[in-house]
Amino acid sequence: FLREKLDNTFKRNSDIEEHLLLPVLAEVALIKKQKDQPFVPERYMASAPRTSFSEAINNVRTGILFSNLDNPVKTLLVTSTITGEGKTTLATNLAISFSQLGRTLLIDGDMRKTSVQRITNMEKGAGLSGWLLESHKLKDCVTPDAECKNLFVMPTGKLPPNPLELLSSKT
């Protein structure tokens with residue numbers, strides 16, 4: 001009884017809406033790996049557009065688009081408190097979903113443990129850090145995605161020794 005009374009975790013979507021006063025856009029299921037196909041969860045929307053996972057991502061996109069019709073969302077941040085919660089998977093698949101509607105730029109701002117760079121196979125010098133350090137021009141830091149029309153990617157680039165200073169700079 002005591003353990004249950006002290007448990008302050010969210011168990012249902014209604015708990016989130018009730019305690020945080022925020023709407024739940026969608027519930028995204030885990031992706032099931034197919035034995036006979038290569039598995040890249042960060043690009044699942046592109047390879048399997050008719051799955052329940054892809055439909056949930058499209059529901060998130062629709063929720064974002066309809067969240068403020070008078071002032072449409074132009075910038076979206078995906079974050080979480082710990083590693084392994086699916087930030088990259090959500091961000092990349094959401095970017096693929098938004099690119100189906102128009103030009104979309106995915107920026108990897110993780111200056112500690114980048115993963116978008118690994119997925120896109122961009123060179124280590126270009127990217128957000130190269131642009132912020134002014135060692136590369138913006139056009140060299142952004143590349144069109146090879147598989148998804150209207151999707152452009154800016155990976156982290158070369159990891160700086162002190163990411164906080166770089167992100168806090170006035171550049």
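Below are the figures for this structure:
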read-out: Size-normalised alpha-carbon gyration radius of the stretch 71-133, reference 2.2 N^0.38 Å; value: 1.19
read-out: Label-reachable residues, the stretch 37-79, where backbone N falls under 17 Å from a point 7 Å from L30's Cα toward its Cβ; value: 39-42, 52-54
read-out: Length gained when the stretch R112-L69 is fully extended (0.36 nm per residue, less Cα-Cα span); value: 12.0 nm
read-out: Solvent exposure, largest accessible area first (probe 1.4 Å, DNA, RNA and ligands not counted), of S99, S47; value: S47, S99
read-out: Kirkwood-based Rg to Rh ratio, the chain, C-alpha trace; value: 1.01
read-out: Radius 15 Å from Cβ of V28, net charge of other residues (Lys, Arg +1; Asp, Glu -1); value: -1
read-out: For V153, distant residues with modelled amide H under 5 Å away; value: L106, T143, D145
read-out: Rg and Dmax [Cα atoms of the stretch 3-71; Å; Rg one decimal, Dmax integer]; value: 16.2, 46
read-out: Accessible area of M154 in the full protein assembly, 1.4 Å probe (Å², nearest 10); value: 10
read-out: Proximal charge balance of A48 [Cβ under 12 Å; K/R count +1, D/E count -1]; value: +3
read-out: Local net charge near E165, Cβ-Cβ under 15 Å (Lys/Arg +1, Asp/Glu -1); value: +2
read-out: Computed [θ] at 222 nm, helices only, for the chain once each DSSP H run of length n ≥ 4 contributes -39500 (n - 2.57); value: -9500 deg cm²/dmol
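The values are calculated or read from the model by the stated rules, or taken from the named source; none is laboratory data. Note that the structure is a prediction, hence the values are computed from the model and not measured. Please note: Cβ atoms are built from the backbone with ideal geometry, for glycine as well, and neighbour counts cover all protein chains shown. Remember, those area values only see protein heavy atoms, side chains included, never the ligands or the DNA or RNA. Shrake-Rupley method; radii C 1.70, N 1.55, O 1.52, S 1.80 Å.
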